[in-house]
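Following: one structure in C-alpha cells, then a few remarks.
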Amino acid sequence: MFSVIYIMWLRQIKRYWRSKSRIIGSIGQPLLFLVAMGFGLGPVYQKAGGGNYINFLAPGVISQAIMFMAVFNGVELIWDKQFGFLKETLVAPVSRLEIVLGRVLGGATISTLQGVLVYCLTLLVGFRPQNILLLIPTLGIMFLIGLFYTALGTAIASFMKDFHGFQLIMNFLVMPSYFLSGALFPLETAPQALKSISSINPLTYGVDGLRQLLSGIAHFNISHDILVLFILSIITLSITSYLFSKIEA
C-alpha cells in the first residue's frame, strides 16, 4: 500500500520541480499583494493603531499561495484524464484509495513547499516572525491547509472533463474564500455578518493559525484552528476518495 502512495506522491513532487515557469509564476500574485497592499495600506493600518501591516498581511498571503497551488492540482487530474495516464493508473491492480492518497499527499506537499517559498519572499519585504522556533508547527498548519484544498480540488476534478469549467468553479470558490478569510483585515473590527461568513470559511482557520504562530495575532485559539482544519481535511479526503472511486477507467 505505502509503495503505491509513495510513487504517486513522488510523481507529484517531480511534476512540480520540473515546471520552473509554474514555480516562478505562482509567486507573482503573492508578491503583488505584499507590495501593493502591504506598502499601500500599511500607513493607514498603522495610523489606525494596528501596528505593522506587513506582519499582519504576510500570513494571509502565505495561506493564499498554499490554497491556490493546492486547488489547482485538480487540473493535473483532468490532464491525466484527457491524455490517458489516469486510465493506465486505474487499470493497475492497486487500490484507488492508495492512488488518491498519493495524489492528495503529493499536492499537499507541493503547496507546503510553495508556502515556504512565499514565506522567504515575505522576509525580503520586511516581515519578521515573532519566534523562529515556531516555524516547525507553522509547517504543520501549512500542510493542513494544503491537504484540505488539494482534496477539495481533486474532488471537484473527479467529475469534470474540461479545464475551463474547473477553472471557473475554482475561481468562484477560491477568491471569495481568500477575501472572506480575514487575510486582509482584522476580524475583530469586521461587521457581525462578515464575521459569521468568515467563521464557516475553512481558510479563516488556516490564516488565523499561521498568523498566531508567525505574528502573535490571533482571533481563535490555535488548537481550535488545528482541530477544524484536521476534521475538514479528513471529511474532504473521504469524499474525494469516494468520488475518485467512481471514475471510469
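Observations on the structure shown:
- Of the residues making up segment 224-247, those that are aromatic (Phe, Trp, Tyr) and over 16 Å from SER95 (Cα atoms) number 1.
- For segment 229-243, the condition of being touching a Ser or Thr at 6+ places or on another chain (Cβ under 7 Å) and of a type outside the set (D, E, K, R) holds for at least one residue.
- A search for C-beta distances below 6 Å between a residue of segment 154-167 that is in a helix (DSSP H, G or I) and at pLDDT 80 or above and any residue that is surrounded by 14 or more Cβ atoms within 10 Å (Cβ to Cβ) and of a type in the set (Ser, Thr, Tyr), counting only pairs 6+ apart in sequence or on different chains, returns THR154/THR240; ALA155/THR240.
- Any hit, segment 2-13, residues being among the hydrophobic types (A, V, I, L, M, F, W, C) and modelled with pLDDT of 75 or more: no
- Residues that are over 19 Å from PRO59 (Cβ atoms) and of a type in the set (Ser, Thr, Tyr), drawn from segment 166-197: SER196
- Candidates are the residues of segment 193-249 that are outside any helix (DSSP H, G or I) and either under 20 Å from GLU76 (Cα atoms) or in contact with a strand residue (DSSP E or B) (Cβ under 8 Å, 6 or more places away or on another chain) (or both); the one that is modelled with the highest pLDDT is LYS246.
- Within segment 78-127, the set of residues being surrounded by 15 or more Cβ atoms within 10 Å (Cβ to Cβ), of a type in the set (S, T, N, Q) and at pLDDT below 90 comprises THR89 only.
- Within segment 145-177, the set of residues being closer than 25 Å to LEU227 by Cα and among the polar types (S, T, N, Q) comprises THR150, THR154, SER177.
- Taken over segment 188-216, the criterion of being closer than 22 Å to PRO129 by Cα, crowded, with 18+ Cβ neighbours inside 10 Å and not acidic (Asp, Glu) is satisfied by LEU203, THR204, TYR205, GLY206, VAL207, GLY209, LEU210, ARG211, GLN212, LEU213, LEU214, SER215.
- Across segment 168-187, the number of residues qualifying as in a loop (DSSP other than H, G, I, E, B) and surrounded by fewer than 17 Cβ atoms within 10 Å (Cβ to Cβ) comes to 1.
The values are calculated or read from the model by the stated rules, or taken from the named source; none is laboratory data. Predicted, not measured: the structure shown is a model, and the values here were computed from it. Ideal geometry is used to build each Cβ from the backbone, glycine not excepted, and the neighbour counts take in all protein chains shown.
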